[in-house]
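Written out below as structure tokens is the structure these notes cover.
The values are calculated or read from the model by the stated rules, or taken from the named source; none is laboratory data. Since the structure is predicted, the reported quantities are computational estimates derived from the model, not experimental observations. All Cβ positions, glycine included, derive from the backbone under ideal geometry; neighbour counts span all protein chains shown.
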Amino acid sequence: MRQSKIKILIINGANLNMLGKREPHIYGTQTLDDINAQIQAAAPEDAELEFFQSNHEGEIIDKIHSADADALIINAGAHTHYSYAIYDALKCISIPKYETHMSDIFKREESFRHKSVLTPAVDEMFFGKGVISYIEAVFAAYNKVKKIKND
């Protein structure tokens, strides 16, 4: 019997479509498509990744509500720091959830970036390592789902 793939939804929020152009000294020169390709290449073979990006809070909330996945990874961009609506949406679903950030939000120049209102709604946060933060989150999600399915 062939095992089914582990589905992981990766949500990217506000302004992440501008990676490669936006503040390259912080985020680097890779585009979101480049980053998604690296994440896909590093993922376990039996992981099925779905990538979603929106600059609109409501679309992100709708995507969370309708998530057809075993686990979810979110980099909400600036919504990280103030969106209690996304926090509530994350609390609505019972799959493993992970927060990720390319930069170290706790060391950013702007103090408003030092707080995430989403962290209490997720299992773990990965940050400060660029694309590696996403890859670490994928493996954490994958291993958690694998453990749940094997228990």
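So, residue 95, is that one of a type in the set (A, V, I, L, M), more than 13 Å from the chain's Cα centre (by Cα) and in a loop (DSSP other than H, G, I, E, B) or not? Yes: the conditions hold for residue 95.
Condition check for residue 137 on (1) among the small types (Gly, Ala, Ser); (2) crowded, with 19+ Cβ neighbours inside 10 Å; (3) under 19 Å from residue 14 (Cα atoms): one failure, at (3). Note on segment 49-66: among residues that are crowded, with 16+ Cβ neighbours inside 10 Å and either closer than 18 Å to residue 140 by Cα or charged (D, E, K, R) (or both), the one that is nearest to the chain's Cα centre (by Cα) is 51. Suppose we keep only residues that are without any contact (Cβ under 8 Å) to a residue 24 or more places away in the chain and part of a helix (DSSP H, G or I) within segment 27-57. Which one would you say is nearest to residue 93 (Cα to Cα)? Selected residue: 40.
Taken over segment 120-133, the residue count meeting the criterion of being outside any helix (DSSP H, G or I) and either in contact with a Phe, Trp or Tyr (Cβ under 7 Å, 6 or more places away or on another chain) or at pLDDT 95 or above (or both) is 5.
The set of residues in segment 70-82 being out of contact with any helix residue (DSSP H, G or I) (no Cβ under 6 Å at 6 or more places or on another chain) and surrounded by fewer than 22 Cβ atoms within 10 Å (Cβ to Cβ) consists of 78, 82. Checked against the criteria, residue 136 does not count as charged (D, E, K, R), assigned to a strand (DSSP E or B) and either farther than 22 Å from residue 68 by Cβ or within 15 Å of the chain's Cα centre (by Cα) (or both). Within segment 69-82, the residues that satisfy the criterion of being under 15 Å from the mean Cα position of the chain (by Cα) and either of a type in the set (Phe, Trp, Tyr) or at negative phi (or both) are 69, 70, 71, 72, 73, 74, 75, 76, 78, 79, 80, 81.
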